[in-house]
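A quick write-up on the structure given underneath.
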Amino acid sequence: MSPAHELDEHAPVFVISVAAELSGMHPQTLRQYDRLGLVTPRRTSGRGRRYSAHDVRRLRQVQQLSQEEGINLAGIKRILELEDQVRAMHEQLASVQRAVQERMTPESARRVFAAGSDGQVTPLRRGQRPARPESGALVLWRPERRS
């Protein structure tokens with residue numbers, strides 16, 4: 001399959017009956033999970049639910065946590081929220097690391113860099129302390145020394 005024909009995992013393509021079949025659940029269960037905010041599909045203009053491949057994977061995860069791990073739905077909702085937060089932080093960290101690498105020069109390889117929560121990266125001299133921005137935490141990162 002060529003990249004142009006690959007399905008976007010977030011594309012809302014499955015009606016509720018197909019999503020229920022793919023996830024091994026009853027459509028009413030999917031409706032309940034939607035009401036509880038566990039898996040929220042997109043809506044058509046006529047208010048019909050449309051699930052993505054990502055939604056179906058998440059439904060399977062909810063089922064596994066519930067049936068195999070014995071976790072209640074409130075616990076599952078919290079687990080999913082925390083996983084989303086961790087994923088977002090990993091993406092933000094990767095973005096900061098890319099920004100640092102783009103600004104890296106042989107001279108700056110020995111410097112310390114500061115990055116604000118907005119992703120703005122600034123080089124610092126050794127021993128220099130960055131001003132803490134009012135909006136969010138500050139991340140300090142020092143590249144590894146290359147031999």
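The values are calculated or read from the model by the stated rules, or taken from the named source; none is laboratory data. Note that the structure is predicted; figures quoted are calculated from it, not measured. Neighbour counts are summed over all protein chains in view; Cβ atoms, including those assigned to glycine, are modelled from backbone coordinates with ideal geometry.
Residue-wise test of (1) in contact with a Leu (Cβ under 9 Å, 6 or more places away or on another chain); (2) modelled with pLDDT under 95; (3) assigned by TED's automatic domain parsing to the domain that holds residue 119.
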residue: 12; (1), (2), (3): no, yes, no
residue: 15; (1), (2), (3): no, no, no
residue: 20; (1), (2), (3): yes, no, no
residue: 45; (1), (2), (3): no, yes, no
residue: 56; (1), (2), (3): yes, no, no
residue: 63; (1), (2), (3): no, no, no
residue: 77; (1), (2), (3): yes, no, no
residue: 82; (1), (2), (3): no, no, no
residue: 98; (1), (2), (3): no, yes, yes
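Restricting attention to region 59-90, report how many residues are in a loop (DSSP other than H, G, I, E, B) and surrounded by fewer than 15 Cβ atoms within 10 Å (Cβ to Cβ). Quick ask: steps written out before the conclusion?
First pass over region 59-90, keeping only residues in a loop (DSSP other than H, G, I, E, B): 68-72.
So of that shortlist, the ones also surrounded by fewer than 15 Cβ atoms within 10 Å (Cβ to Cβ) come out as 68-70, 72.
Qualifying residue count for the region: 4.
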Name the residues in region 44-58 that are within 17 Å of residue 21 (Cβ to Cβ), among the basic types (Lys, Arg) and surrounded by fewer than 19 Cβ atoms within 10 Å (Cβ to Cβ), would you? 50, 57
Residue 32 vs. criteria under 30 Å from residue 123 (Cα atoms) and of a type outside the set (A, V, I, L, M): no
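Regarding residue 43, is this residue farther than 17 Å from residue 76 by Cα and in contact with a Pro (Cβ under 7 Å, 6 or more places away or on another chain)? Steps first, please.
Details: farther than 17 Å from residue 76 by Cα: yes; in contact with a Pro (Cβ under 7 Å, 6 or more places away or on another chain): no.
Spelling it out, it is not the case that residue 43 is farther than 17 Å from residue 76 by Cα and in contact with a Pro (Cβ under 7 Å, 6 or more places away or on another chain).
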